[in-house]
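Only one structure is covered here, and it is reproduced in the block below.
The values are calculated or read from the model by the stated rules, or taken from the named source; none is laboratory data. Quantities reported herein were computed from a predicted structural model and do not represent experimental measurements. Glycine also receives a Cβ, built like all others from the backbone with ideal geometry; neighbour counts cover every protein chain displayed.
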Amino acid sequence: MQAHQLAHHIEQIYSQHFLQFPPFRMEHGQVVGRFFKYRLMSVFHPVVSLTDHEVIGWRAVLRCVSQDEQLVEPLRLFALAFDNSGLVNLDRLVRTLHVLNALHQGLDGGLFLDVHPRLLGVVKDEHGRFFERVLQQFGLTPERIVIHLPSGTPGDAVLLAKAIANYRQRGYRVATSADLSALERLAHFDEASRPELATLTLADSVPLELVDWRRQASAAGVATVAWHVELPAQRDAIERAEFDYATGHTLVD
């Protein structure tokens, strides 16, 4: 997207939806948002197909920096939201920031966007409607977006199923983070309420339950994504387990 087009979109989006926040700015070649004294930026990790090793999309991660240039955990940032309404607006701001930066960088493929865990219990109906209006202003459709939801606890199953169904009805793709027990719950969701992908975050080792997790995901009828594959042993393990997609430095030349 050309600079003048992006500037027009930034001004339009801000004036229509985000006047409660400081304006977006261009800094060092990227769009930057602000919340209190913190600068908000986008970092994109390529999502790689383990079948053909092609990049099929990008996971957007929030980078939050304080006034003294210290990195701040996003969860700490979201904790500053005064109430549920403030949390919803901040979550929308961050996702919009990621879309602006993806357009500015000319990124192709699906855009994986996180939704804050608390939003499952806050947003009751019409999930994705507001963000669909934002996307339309960029000339985009929900099909370009992969909404990444938390799987929550067993008590969140009804809320999760409703959110997934609402997002999918609008055309979004949906991924959920899931441990083994969450995958077992997903297997009982009807097709319209089931995510298309399940994600597993790797730490500094290879999870002992990796193969069982992959088998349970297949039983639930969802594709598999491994986040943060940074070690050769992790890469080898997810390839042996036949994961579908992954992010991590070991996967990109």
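In the range 134-158, the residues that are part of a helix (DSSP H, G or I) reach residues that are modelled with pLDDT under 90 with C-beta atoms within less than 6 angstrom, at least six apart or across chains, in these pairs: D156/L120. Residues in the range 31-48 that are surrounded by fewer than 16 Cβ atoms within 10 Å (Cβ to Cβ) and over 14 Å from the mean Cα position of the chain (by Cα): 3 in all. For first residues located in the range 222-248 and at negative phi and among the aliphatic types (A, V, I, L, M), partners that are modelled with pLDDT under 90 and outside any loop (DSSP other than H, G, I, E, B) and lie 6+ apart or on another chain with Cβ distances below 7 Å form the pairs V229/T250; V229/L251; L231/T250. Selection over the range 115-129 of residues that are small (G, A, S) and crowded, with 18+ Cβ neighbours inside 10 Å gives a count of 1. For A161, the stated conditions hold: it is small (G, A, S), surrounded by 13 or more Cβ atoms within 10 Å (Cβ to Cβ) and either modelled with pLDDT under 95 or closer than 21 Å to L6 by Cα (or both). Of the helices (runs of 4 or more DSSP H) contained entirely in the range 175-253, those carrying at least 3 residues that are more than 25 Å from I145 (Cβ to Cβ) and of a type outside the set (G, A, S) fall at 210-220, 232-240.
Residues that are touching a strand residue (DSSP E or B) at 6+ places or on another chain (Cβ under 7 Å), within 17 Å of L87 (Cα to Cα) and among the charged types (D, E, K, R) within the range 12-38 comprise just one, R34.
The residues of the range 148-188 that are out of contact with any helix residue (DSSP H, G or I) (no Cβ under 6 Å at 6 or more places or on another chain) and among the aromatic types (F, W, Y) amount to a single one, Y167.
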